[in-house]
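Undergrad: Okay, handing you the structure first.
The values are calculated or read from the model by the stated rules, or taken from the named source; none is laboratory data. What you see is a predicted model; the values in this text were computed from it and never measured. Methodologically, a virtual Cβ is constructed for each residue, glycine included, from the backbone with ideal geometry; neighbour enumeration extends over all protein chains shown. Just so you know, the surface numbers come from the protein's heavy atoms only, side chains and all, with ligands and any DNA or RNA stripped out. Shrake-Rupley method; radii C 1.70, N 1.55, O 1.52, S 1.80 Å.
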Amino acid sequence: MKISGSHTVALGKERAYEVLQDPAILARCIPGCESLDRIGDDEYQMRMKMVLAAVSGQFAGKVRIADQSPCDSFRLIVEGSGKAGFMKGEGLLRLSGIEEGTQVDFDGDVQVGGTIASVGQRLIDATAKLMIKRFFAKLADSAVE
Amino acid sequence: MTPTITRTKAEPLIGKRVKRREDPRLITGTATYVDDIQMPGMHHACIIRSPHAAARIRGINVSAAKETPGVVAVFTGEDAKGVGPVPCGASLPGLRVPHHYILALDRVYFAGHPVAVVVATDKYIARDAADLVEVDYEELPAVADPEKAIAEGAPAVHPEWPDNVAFNFHQEGGDVNQAFAEAEVVLKQRITSQRLIPTPMETRGVVAEWKSGDKSLTVYSSTQIPHLLRTLLAGMLGLPEHKTRVVTPEVGGGFGCKLNVYAEEALMGFVAMKIGKPVKWIESRRENYLCTIHGRGHVDYFEIAAKRDGTILGLKLKLIQDLGAYHQLLTPAIPTLSVLMMPGLYRFRNISADIVGAFTNCVPTDAYRGAGRPEATHGIERMVDILAAELNMDPAEIRMKNFIKPDEFPFATATGLTYDSGEYDKPLRHALEVAGYQKLRAEQAQARTDGRLMGIGLSTYGEICAFGPSPATPAGGWESATVKIEPSGKVTVMTGASPHGQGEETTFAQIAADELGVDIDDVVVLHGDTAVVQYGIGTFGSRGTAVGGPALYYALQELKVKIKKFGAMLLDSDDVSFEDGVCTCNHSGRTCTLAEVSGAAHRAMKLPPDTPPGMQATYFWEPPNFTFPFGAHLVVTEVDRDTGQIQIKRYVAVDDCGRIINPMIVDGQVHGGVAQGLGQALYEQAVYDENGQLLSGELTDYAIPKATMMPWIESAHTETPSPVNPLGVKGVGEAGTIGCSPAVVNSVVDALSGLGVRHLDMPLTPEKIWAVIQKGGQA
Amino acid sequence: MKRQISVTINGRTRTDEVEPRLLLIHYLREVCGLTGPHIGCETSLCGACTVEFNGQAIKSCTMFAVQADGGRVTTIEGLASNGTLHPVQEAFWEEHALQCGFCTPGMIMAAKQLLDRNPAPDDPEIRHGIEGNLCRCTGYQNIVAAVRSAAAKMSA
Amino acid sequence: MIAQDFNYSTPATIEEALGLISGGEAKLLAGGMSLIPLMKLRLAAPGHVVDLSRVAGLSGISEAGGAIRVGAMMTHYEVESSALVRARCTLLAETAAMIGDVQVRNRGTMGGAVAHADPSADYPAALQALEARVTIAGAAGTRVVSVDEFFVDTFTTGLEPGEIITGIEVPVEPEGTGVSYQKMLQPASGFAIVGVAVRIRKEGGVISFARVGVTGLGSRAYRAAGVEERLAGTAGSASDIANAAAVIADGIDANSDIHASAAYRAQMARVFGARAIQAAVNRAA
């Protein structure tokens, strides 16, 4: 499923670019992230617990950063799997300086499989958007620190 | 609790609305379906299935599951690789048949592919332990669309066949090139028949019991084909067939998806033999959607050639069949049935068809109510409407013009069939009359003036039923019956057909009661247990009554000869007649009852010359031909311009299924068939995403019609007896489904024709219709 | 941890120790041996498992047995009294409102609920009243006719 | 389909229930219409389930101070068939009657539906149009939140861990209020593709008051303030209604799934919005 959107980060473009790739900050901002450990260049192993109302699931997976074009854009690849199924998200994040800071536009693809795909399809879109919203909301908080 | 109608001499039961004999157990909740079976020491299985549509299995760790208290075994593909393969019963020249292990060995081919099985003392433990099995997958690219699958550069479903083509099949009749050269009008249209999920209300289920002392296996399965299943299961498990027994308890609907042999049936046999205990597996609805066969899955490119006066000259078809990842029992044969049915009820004899069977990373397709014929009927009935629109002809008129006429039967079609009998204009005329066609057209004109989108749609369908002559049916197309008259005169019928809702316990009792002149309460019909019933083929393809019925009829005739012999002996006469359950000496008028005759035959104190004791006859009947039911459905719709929602205002169904044994049951079959056709036309669709994930994976997203979604069906019949069998019956199980979808789509296209709409693919979802309206008719 | 529950089923009270996660449908079918109610889905959509709980039609696949503690359950097996079919059962037989019979026990319980609340429903009300029960065989037509005829008989 | 094992409690009082959930791991069970299917699919696996069905003080429907209070454990059927609700808050009764099917309405509860905050559920549209208030009990006492604050996002509410919804308050409809809930059904699940609830009053032939709640379209049920503004002061003619309904989806990031794209959903919100407004206008005295 294609997904796109745009969020504003109250940081300069250079700082925003840095922050968005900082594993410590990613670990804090990725919803449900319990651990994020470096396993290679720009590649991290992640454990997360996704909680959405009554639904909760443990996922183990990876976060990878690729196609870096410093300060302008990079690609974020997140994948995880657990008993409820698996999910993969891949998106190109583009940064542009605006008055309030930096505008981050993303364009990507979300794929889910297993139980969550076959019973929850009507919620994939809304859930993905919610997760991204939560990510940027947390980022906004983190960036203030 | 006795039926209201019983037999009297003046009133035979055939043709009567006899209440069903199977109902008392069903309405009181005392019937036994597979999941109702309990056995001492019974274990429960939970199957672990791949979440991926295509992946390599790097490893499976079962140790934690095995250590769970209550778990007795965990098996993987490596353990079970000697079993199987899951059989494909269809053969086509050059057919590529992948080896279908009952548990995936090193690779999975569709989401839901069985990978391992956990066996435990109760199902709660089995389910818990299943979560502890860890499978390490390396995901591979998948393809879920048949046209994409056969395009250049698509991921290979089976690496050994990178083009994803399982077979190419060509059939032609007449001279199609000549027909197209002579044509004044040639029209082309791509028409799809989407993937459907059969959705019987009872999912599949298996109980397997290994009797180690006898070295025999009993498998209880919710199947339409107990005997074929036994033969094939015995082969898969390496067991002698006579020590393999299949019992079909009550079956909660099949619609073709239980006309199969599944991995899980062999797997439970394998497990029972390994653990030495009975084991049960009941499919969840999600498994049913992921792993039981789907239906349809066609992309058809049609071309029709005609004269400007509406005479159809020929038809060309390129058919791409979405096979899924494997061949199940009849997978590759289904589209070949479409080709057979292509000419519909029309006289033209020039046809050419090419089928490409495409592998995809989806669950296999196979027979679903109509199995190939709805797709073809939908195609030809849409093409006829497209032609009528092009020529500005009335859709009823163009059909009448092209119908095969009653004096042309038997009619040899371009696809090699011989249509048995028909008066094709009769149901159509009847439907037009019942609906008030002229008045409807006037209403439609008025509606258009008022800005409303009203449509009138017709389909005049033909069907190939009574599957079928053995040369045309894998594993044989005959059917069997045994009739036993017990010493007390009570009658036991055993049919090789395996009804599961069709009501043959009633219709066959009607036939037997009429022929033997006994009360219907004195007849019982048994089926579905290979240890009780002689070999039979099963129930599918509208064959139960049309092939099983004649088998019963002939068994009864044999028995009547014997009855008369014993009657003659008891009455000491050389001229007796047998009627109304009584043998009468035509000289003296003396009589003896069936009970007296049967008692004498069993006691055997004395026997008629050259006559063995007992009162039993078995008949295996080979049908000389298929039967060809037909009919006309007329649908009035109105489309909501603002939302694209479709309302069915009228539904008229006039079906000719030959002679009717029980009109109540026939109407029930039509209603149910129409519901499934309407489901396809308006609501149902198996949706896979591009990675092969089934998004319509539960009843929350796959819309089978609810009570609020069905119109009232005005059902009527004409009766053209079939000359193929002595009962004159043709079969009715699939008629409603076949007749329905083109009538609905034709109606909606008619409603939108003012916008220039020529064709719409199913399902006609509100959004699709709305989008077409927005674009001013451009689909 | 297992809990003791006491439930009156088809007029008889029984007490059992059950795991909290035991679904009411599994309790009825496997512990009590009442296999009339069936399981057709896991998403509370098909209605095959419909029984009456404290006088109301419910889907017993979407309730834990522990929740029924102290309550009254009527299943299809408890509908006929002294061998006499309930008018809804009778009408289902008479009007050929079933084929494979799998949805039938739940469908009859839903129809009974409808008539308990609305003794003279019209066709749209009947269809609305049974929309929580899926039937794949009958196209619902004869079910609607049966409910109509049962209504007439019950009010006669 | 079998849930994971859990501990089960049936508290008798709110205090007892609050004590049981204070750890944060327990999940509240009301009617179970959403939670139990999720547990069976193992998408939810709470270690402790606290059944609210025996808690005193969560039931009953009563009127006081111009408002109707519906206890959190009241089933949809109890709401739909309540003489009080039918007479005094028709919109709520009519919406309740359109949820799911009979069996679901017999078990499903208003508190449960509100707490679940399914973005396609029916109640939230009506509750938004009704400017309903949710009463919440917690360790620190009771608080009251407007539904607009309560529905935060997809399955996300303002309910804090350790809190319990005790009831929902809706205003009594003054004489002459016209209401309607119109919904486009997703044919398989019966959930709303979109649903619009409307409450209208007229004074001197002019719409003096309009409230519009929308479900199914966005990440949560919302009040379509733009529509309300456009309706106010008009006579409620067909063109007034069309003009108002036109902005119902403005600013909403519409949901999309296999049943309806975002664009179609937005358009259906306009169509069903206009129909609901028209029906409400017709009924307003």
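Undergrad: Given the conditions (1) modelled with pLDDT under 95; (2) within 14 Å of chain A (Cβ to nearest Cβ), report the number of the one that D:V49 does not fulfil.
TA: If we test D:V49 against (1) modelled with pLDDT under 95; (2) within 14 Å of chain A (Cβ to nearest Cβ), just (1) comes out false.
Undergrad: Would you confirm, using the coordinates I've provided, whether C:P20 is facing another protein chain (nearest Cβ under 7 Å) and outside any loop (DSSP other than H, G, I, E, B)?
TA: Judged against the criteria, C:P20 is not a match.
Undergrad: Additional query: Please list, ordered by first then second residue, the pairs with beta carbon atoms under 6 Å, 6 or more apart or interchain, first in the stretch B:105-130 and within 12 Å of another protein chain (Cβ to nearest Cβ), second of a type in the set (S, T, N, Q) and open to solvent by 10 Å² or more (accessible area, probe 1.4 Å).
TA: So the pair list comes out as B:A129/B:T68.
Undergrad: State whether one or more residues within the stretch D:40-60 are more than 26 Å from C:P20 (Cα to Cα) and not basic (K, R).
TA: yes
Undergrad: So how many residues does the stretch B:378-409 have that are without any contact (Cβ under 8 Å) to a residue 12 or more places away in the chain and more than 27 Å from B:V635 (Cβ to Cβ)?
TA: Within the stretch B:378-409, residues that are without any contact (Cβ under 8 Å) to a residue 12 or more places away in the chain and more than 27 Å from B:V635 (Cβ to Cβ) number 1.
Undergrad: Follow-up. Please go through the stretch A:29-60 and pick out each residue that is closer than 19 Å to A:G108 by Cβ and either open to solvent by less than 20 Å² (accessible area, probe 1.4 Å) or under 12 Å from the mean Cα position of the chain (by Cα) (or both).
TA: Selection gives A:C29, A:I30, A:P31, A:G32, A:C33, A:Y44, A:M46, A:M48, A:F59.
Undergrad: While we're on this one: Please state which one of B:V666, B:V687, B:V652 is within 14 Å of chain A (Cβ to nearest Cβ) and not basic (K, R).
TA: Going through B:V666, B:V687, B:V652 in turn, just one is within 14 Å of chain A (Cβ to nearest Cβ) and not basic (K, R): B:V687.
Undergrad: I need every pair where a residue in the stretch C:42-66 that is more than 7 Å from every other protein chain (Cβ to nearest Cβ) has its Cβ under 9 Å from the Cβ of a residue that is among the small types (G, A, S) and in a strand (DSSP E or B), sequence separation at least 6 or different chains.
TA: Filtered contacts from the stretch C:42-66: C:V51/C:A57.
Undergrad: Looking only at the stretch A:70-104, count how many residues are out of contact with any Ser or Thr (no Cβ under 6 Å at 6 or more places or on another chain), part of a strand (DSSP E or B) and within 14 Å of another protein chain (Cβ to nearest Cβ).
TA: Total meeting the criteria: 10.
Undergrad: Please work out if B:Q645 is open to solvent by 10 Å² or more (accessible area, probe 1.4 Å), in contact with a strand residue (DSSP E or B) (Cβ under 8 Å, 6 or more places away or on another chain), closer than 23 Å to B:V772 by Cβ and in contact (Cβ under 8 Å) with a residue 60 or more places away in the chain.
TA: yes
Undergrad: Could you check, for the stretch C:117-129, whether at least one of its residues is within 10 Å of another protein chain (Cβ to nearest Cβ), more than 25 Å from B:P200 (Cβ to Cβ) and either crowded, with 24+ Cβ neighbours inside 10 Å or touching a strand residue (DSSP E or B) at 6+ places or on another chain (Cβ under 7 Å) (or both)?
TA: Taking every residue of the stretch C:117-129 in turn, none turns out to be within 10 Å of another protein chain (Cβ to nearest Cβ), more than 25 Å from B:P200 (Cβ to Cβ) and either crowded, with 24+ Cβ neighbours inside 10 Å or touching a strand residue (DSSP E or B) at 6+ places or on another chain (Cβ under 7 Å) (or both).
Undergrad: Look through the stretch B:690-709, keep the residues that are within 7 Å of another protein chain (Cβ to nearest Cβ) and closer than 21 Å to C:I126 by Cα, and return whichever of them is surrounded by the fewest Cβ atoms within 10 Å (Cβ to Cβ).
TA: Here is the first cut: in the stretch B:690-709, the ones within 7 Å of another protein chain (Cβ to nearest Cβ) are B:691, B:693-704, B:706-709.
Next, from what is left, pick out any that are closer than 21 Å to C:I126 by Cα: B:703-704, B:706-709.
Working: B:A703: 23, B:I704: 23, B:K706: 25, B:A707: 27, B:T708: 17, B:M709: 19.
Here the answer is B:T708.
Undergrad: Considering only the stretch D:201-215, I want to know if a residue exists there that is of a type outside the set (A, V, I, L, M), within 20 Å of B:A771 (Cβ to Cβ) and crowded, with 22+ Cβ neighbours inside 10 Å. I'd like the intermediate steps shown before the answer.
TA: Here is the first cut: in the stretch D:201-215, the residues of a type outside the set (A, V, I, L, M) are D:201-205, D:208-209, D:211, D:213, D:215.
If we keep only those that are within 20 Å of B:A771 (Cβ to Cβ) as well, we get none.
Looking through the stretch D:201-215, none of the residues is of a type outside the set (A, V, I, L, M), within 20 Å of B:A771 (Cβ to Cβ) and crowded, with 22+ Cβ neighbours inside 10 Å.
Undergrad: Is there a residue in the stretch A:125-136 that is within 23 Å of B:P51 (Cα to Cα), without any contact (Cβ under 8 Å) to a residue 12 or more places away in the chain and either outside any loop (DSSP other than H, G, I, E, B) or away from chain B (no Cβ under 14 Å) (or both)?
TA: yes
Here is a yes/no grid of residues against (1) open to solvent by less than 40 Å² (accessible area, probe 1.4 Å); (2) closer than 30 Å to C:G47 by Cβ; (3) among the hydrophobic types (A, V, I, L, M, F, W, C); (4) at pLDDT 95 or above:
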position	(1), (2), (3), (4)
D:E63	no, no, no, yes
D:A72	yes, yes, yes, yes
D:V79	yes, yes, yes, yes
D:R88	no, no, no, yes
D:A97	yes, yes, yes, yes
D:R133	no, no, no, yes
D:A137	yes, no, yes, yes
D:R143	no, no, no, yes
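Undergrad: What do you reckon, is B:P608 open to solvent by 40 Å² or more (accessible area, probe 1.4 Å), modelled with pLDDT of 95 or more, touching a helix residue (DSSP H, G or I) at 6+ places or on another chain (Cβ under 9 Å) and not assigned by TED's automatic domain parsing to the domain that holds B:L727?
TA: The answer is no for B:P608.
Undergrad: Further question on the same structure: How about the stretch B:263-311: which of its residues are among the hydrophobic types (A, V, I, L, M, F, W, C), open to solvent by 10 Å² or more (accessible area, probe 1.4 Å) and more than 24 Å from the chain's Cα centre (by Cα)?
TA: B:F270, B:M273, B:I275
Undergrad: Oh, and also: Being in a loop (DSSP other than H, G, I, E, B), modelled with pLDDT of 95 or more and over 17 Å from B:L290 (Cβ atoms) is true for just one of B:G84, B:G94. Which residue is that?
TA: None of the others qualify; the one that does is B:G94.
Undergrad: Select from the stretch D:102-150 the residues that are touching a residue at least 60 places away in the same chain (Cβ under 8 Å), within 14 Å of chain C (Cβ to nearest Cβ) and more than 11 Å from the chain's Cα centre (by Cα) and list them in ascending order.
TA: D:V104, D:R107, D:G108
Undergrad: Could you list, in sequence order, all residues of the stretch C:130-145 that are within 15 Å of the chain's Cα centre (by Cα), closer than 20 Å to B:L26 by Cα and either within 13 Å of chain D (Cβ to nearest Cβ) or open to solvent by 20 Å² or more (accessible area, probe 1.4 Å) (or both)?
TA: C:I130, C:G132, C:N133, C:L134
Undergrad: Which of the following residues is assigned to a loop (DSSP other than H, G, I, E, B) and buried (at least 17 other Cβ atoms within 10 Å of the Cβ): B:G451, B:G476? Steps first, answer last, please.
TA: On the way: B:G451 fails: buried (at least 17 other Cβ atoms within 10 Å of the Cβ).
The conditions single out B:G476.
Undergrad: Could you list, ordered by first residue, the pairs with Cβ atoms under 6 Å in which the first is in the stretch A:3-28 and open to solvent by 50 Å² or more (accessible area, probe 1.4 Å) and the second is in a helix (DSSP H, G or I), at least 6 apart or interchain?
TA: A:R28/A:S142
Undergrad: Does C:T74 fit the bill of being crowded, with 22+ Cβ neighbours inside 10 Å, within 29 Å of B:K706 (Cα to Cα) and not aliphatic (A, V, I, L, M)?
TA: Numbers: crowded, with 22+ Cβ neighbours inside 10 Å: no; within 29 Å of B:K706 (Cα to Cα): yes; not aliphatic (A, V, I, L, M): yes.
In short, no.
Matching residues to (1) assigned by TED's automatic domain parsing to the domain that holds B:G581; (2) assigned to a strand (DSSP E or B); (3) surrounded by fewer than 24 Cβ atoms within 10 Å (Cβ to Cβ):
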| residue | (1), (2), (3) |
| --- | --- |
| B:P499 | yes, no, no |
| B:A512 | yes, no, no |
| B:D521 | yes, no, yes |
| B:V524 | yes, yes, yes |
